[in-house]
Each structure stands twice: as C-alpha cells, then as structure tokens.
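Following: one structure in structure tokens, then a few remarks.
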Amino acid sequence: MTITPLSVPPTDTEVDHWWAVLASARTADLPGTPPPSRTEVAGRLRVPSARGRAVHWAAEGAIASLVLFADGSNDHTAFLDELTVRPDARRRGEGTALWERVREELRAQGRTSVSAEVDLGGPGQAFAESLGFENVLPMAWYVQEVPGVRNLPAAGPAAGYELRCWPGPVPEDWAQAVAVAHGAMDDAPSGDLDQRIQTWTAERLHAAHGLILARGGALTTVAAVTPDGEVAAYTELVLPDPAGPRGLQYDTVVVPAHRGHGLGRTVKLRMLAEAAALHPSLRTIATSVADDNTPMLAVNASLGYRRERPAGYFQLKL
C-alpha cells in the first residue's frame, strides 16, 4: 500500500482524488447531507490553516489531513481534520495505515494529544473508539431550512442597540470591538478538550476571515452594537462555496453584560434574512452546538433549527 504526501500546493489530480473520496463517503454515510464541492475541497487543501501547519496524505481509496497547531498556546496538540475511506475501499487496512502515518507525525512533532470531530453512530465513531479516542464534548449538528425564514418575523433592533451587517471582512474600525466580544466565547462548553483558549485580536480576526475568503468562501457578520461603539452580540455565516446549497453558522456570541435582551435570537434572525437575500442558491444553514449549551439550543429551537445528527469532539492522549 502506497501512502503519498500531497504536493504543496496539491495538483488538480490530487484535488480530484481527495474530492472523490470525500464525496463518495459523505453520500454513503450522511444521505441527504450535501457533500463538499470541489471549490471547498480545493480551498482547504491549497490555502494553509491560520492556526498551524497542515499535512495531507492520500492512499488509493483513503485520505488524511492533520493540523499541527502553531499558535503558541496549543503547540502540544493537533487536530485530525480528515481521515476518510471511500466506502468500496473499507476493511482493506487503508484507514489503519493512514492513522499510523498520522501517529508517526504526531510523535515526531512532540504532540501529546490529538482531537477530531466525529459523527456518532457510523463508521467514524467505531474507528475512533477502536484507536482509543474518547468523546470529550458531546454535541450535535442542527439545520435551518432557509426557505422557512419567510415565515419568521422581521428582525428589528432591540431597544438601545443598532444592527449592523457586514458582508465580507468586518470593517477595520469595528474589528477590535468584534475581537473583544469574541472573548465571551470563553464560557462556552468545551468539555475536557485539551486546547487552551487564545485571546482574540483584530489581527487574528482579520486572519480568520481572510482564510475563508482565500479558500473561495463567502462570509457575512451581523452585530448588535451600542451607541458608544461596543459590540454586544454578533453571529457569522460562512459559505464554503458561495454557489453551494449549504452554509455554516459559525460563532454566535452575546457579551455577558448584554445577555437577557434576546440579542442572540435577534442577530441570528437578521442573519437568516440576509442569507436568503444574498445567496439565492442557499437551501440550508447548519451549525454545531454542544449538548450542554442550553441557551443556544433554545435560541436555535425558536428559529426552527432541527437536530440533524449527533456528533462529538473526540480526543486521544498520546
């Protein structure tokens, strides 16, 4: 069995192989969920992660991708972004061989843990548990049908706040305020995940948003702001492929001092309206929420999000 590191940057042939493996696996394992487009796959392979060094490998019917964090706070750990085997190539040892290559890299780089996001109830969970991974943060994916937003009430600003909508990167004069608001994510459930929280800055925000755009995606932020220029709440919508049918709800944040005013629901409601207007091909918006995050689960339920599938952040101590 031959395991080959991808070229830097990957060739069109390598991207096509990667895309074919992912598309066939996702179609078999998650029927009804659209697989990633070639645009999304090419962007992720060709534009480096903002958090560290990515390494990609391919076998005949399987692929693997590892992000080695290099942010100064999490250089002891890593994230297994992909380890996927094409359905007709399973039980031939390719997944195990790729895992051994990943493990060699982790040891060579002195990593003491690795995490991965895993869908529950399928081959990914069984394989992860056979390797010793444990679910340290139970969660689930939820989906909002975009055509359904026409039945929701219009989103007006809460008393004392103004709603701002920024397609693309957050403007420079608001970037630091959004970065400060992001600190409210520090109290979000994180289970026993072996990752240290970093302080967000305007520069880090620009880097994260720039990565989305460089990979061919689209980004929109909706914020509730105060008269003195504070960002009290915000939410982000990312389309990995602007022509695709599914978007991803990224962070939704309400600063503690401004909680209790319905701002989380307000910014998400406005985002749904913006999404329907800006992206006519968009059909669903998906988001993942930790099982312990009861406030966000309640907000999403009020907007018509339905539970799509259970998942978890799995972790292995090396």
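Among the residues making up segment 1-47, those that are out of contact with any helix residue (DSSP H, G or I) (no Cβ under 7 Å at 6 or more places or on another chain), hydrophobic (A, V, I, L, M, F, W, C) and part of a loop (DSSP other than H, G, I, E, B) are Val8, Leu30. Evaluation of Asp192 against the conditions (1) exposed (fewer than 15 other Cβ atoms within 10 Å of the Cβ); (2) at pLDDT 85 or above; (3) charged (D, E, K, R) shows that the sole unmet condition is (2). When Arg44, Arg91, Arg101, Arg51 are checked against the criterion of being more than 16 Å from the chain's Cα centre (by Cα) and at negative phi, a single residue qualifies: Arg101. Taken together, the residues in segment 271-318 that are assigned to a strand (DSSP E or B) and among the acidic types (Asp, Glu) amount to 1. Is it the case, given these coordinates, that Arg103 is surrounded by 15 or more Cβ atoms within 10 Å (Cβ to Cβ) and over 23 Å from Gln195 (Cβ atoms)? Considered against the rule, which asks whether it is surrounded by 15 or more Cβ atoms within 10 Å (Cβ to Cβ) and over 23 Å from Gln195 (Cβ atoms), Arg103 comes out as no. Conditions first: (1) closer than 24 Å to Leu205 by Cα; (2) among the hydrophobic types (A, V, I, L, M, F, W, C); (3) at pLDDT 95 or above. Ala50 passes all but one, so which condition is the exception? Of everything listed in (1) closer than 24 Å to Leu205 by Cα; (2) among the hydrophobic types (A, V, I, L, M, F, W, C); (3) at pLDDT 95 or above, Ala50 misses just condition (3). The number of residues in segment 52-77 that are assigned to a loop (DSSP other than H, G, I, E, B), crowded, with 17+ Cβ neighbours inside 10 Å and out of contact with any helix residue (DSSP H, G or I) (no Cβ under 9 Å at 6 or more places or on another chain) comes to 1. Can we say Leu137 is without any contact (Cβ under 8 Å) to a residue 60 or more places away in the chain, buried (at least 19 other Cβ atoms within 10 Å of the Cβ) and not assigned by TED's automatic domain parsing to the domain that holds Leu193? So Leu137 fails the test. Take the conditions (1) in contact with an Asp or Glu (Cβ under 7 Å, 6 or more places away or on another chain); (2) more than 23 Å from Gly124 (Cβ to Cβ); (3) crowded, with 16+ Cβ neighbours inside 10 Å; Ser7 misses just one of them, which is (3).
The conditions of being among the charged types (D, E, K, R), assigned to a loop (DSSP other than H, G, I, E, B) and touching a residue at least 24 places away in the same chain (Cβ under 8 Å) are not met by Asp251. Scanning segment 239-253 for residues that are surrounded by 20 or more Cβ atoms within 10 Å (Cβ to Cβ), at pLDDT 95 or above and among the hydrophobic types (A, V, I, L, M, F, W, C) yields one hit, Leu239. Please verify whether Tyr234 is outside any helix (DSSP H, G or I), aromatic (Phe, Trp, Tyr) and surrounded by fewer than 23 Cβ atoms within 10 Å (Cβ to Cβ), treating the condition exactly as stated. No.
The values are calculated or read from the model by the stated rules, or taken from the named source; none is laboratory data. As the structure is a prediction and not an experimental result, all values here were calculated from the model. Here Cβ is always computed from backbone atoms with ideal geometry, including for glycine, and neighbour counts include all displayed protein chains.
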